[in-house]
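Everything on this sheet refers to the single structure shown next.
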Amino acid sequence: MNIEIRTDKNIQNNERLISYVRAELSEEFQRHAERITHFSVHFSDENGDKGGDDDIRCMIEARPKGLKPVAVNHKAKNVDIAFHGAMDKLGRSLEHLFEKIDDPRGAAPELADNDEEA
């Protein structure tokens, strides 16, 4: 599972942040490790130097094998809260997606052969 972490110019990207994000994502999504190939995490400060409530945005995109990417956003007053909010949303989205795939009633029906008669 590949994990990419990016920040804008207003948020310092350092080894501590990278290690923390990688450890949290790996732990949270360990049971889906075989189904997810890539995580992309992006932190941005929407107001820059101005400050303000809920101006830190965390976007996480997960790429499940063979499926379209799943992306979520969360805004909060600091990086940690924004990250955990986005991670919670991503967890719910992926659980829903994997439940739909794993549900035998939700799968597409097999098509009958043209040679068979009813």
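The values are calculated or read from the model by the stated rules, or taken from the named source; none is laboratory data. Here the structure is a predicted model, which is why all the values come from computation and not from measurement. When we count neighbours, we look across all protein chains shown, and the Cβ atoms used for this are built from the backbone with ideal geometry, even at glycine. We work out accessible area using only protein heavy atoms, side chains counted, and drop any ligands, DNA or RNA first. Shrake-Rupley method; radii C 1.70, N 1.55, O 1.52, S 1.80 Å.
Would you check if residue 33 is of a type in the set (Gly, Ala, Ser) and open to solvent by 30 Å² or more (accessible area, probe 1.4 Å)? So residue 33 fits the description; yes.
Looking at the structure I just gave you, is residue 69 surrounded by fewer than 16 Cβ atoms within 10 Å (Cβ to Cβ) and not aliphatic (A, V, I, L, M)? Taking the combined requirement at face value, the residue satisfies it. Among the residues of the stretch 1-30, those identified as more than 27 Å from residue 66 (Cα to Cα), open to solvent by less than 70 Å² (accessible area, probe 1.4 Å) and either in contact with a Cys (Cβ under 8 Å, 6 or more places away or on another chain) or of a type outside the set (A, V, I, L, M, F, W, C) (or both) are 7, 8, 10, 13, 14, 19.
Is one or more of the residues making up the stretch 44-62 on the phi > 0 side of the Ramachandran plot, exposed (fewer than 11 other Cβ atoms within 10 Å of the Cβ) and modelled with pLDDT under 80? Yes. Using the structure shown, decide if residue 89 is surrounded by 13 or more Cβ atoms within 10 Å (Cβ to Cβ), among the basic types (Lys, Arg) and at pLDDT 90 or above. In short, yes. Here the strands (runs of 3 or more DSSP E) wholly within the stretch 13-96 that include at least 3 residues being under 16 Å from residue 2 (Cα atoms) are 36-45, 56-64. With respect to the conditions (1) under 12 Å from the mean Cα position of the chain (by Cα); (2) touching a residue at least 40 places away in the same chain (Cβ under 8 Å), residue 4 lacks only one, and its number is (2).
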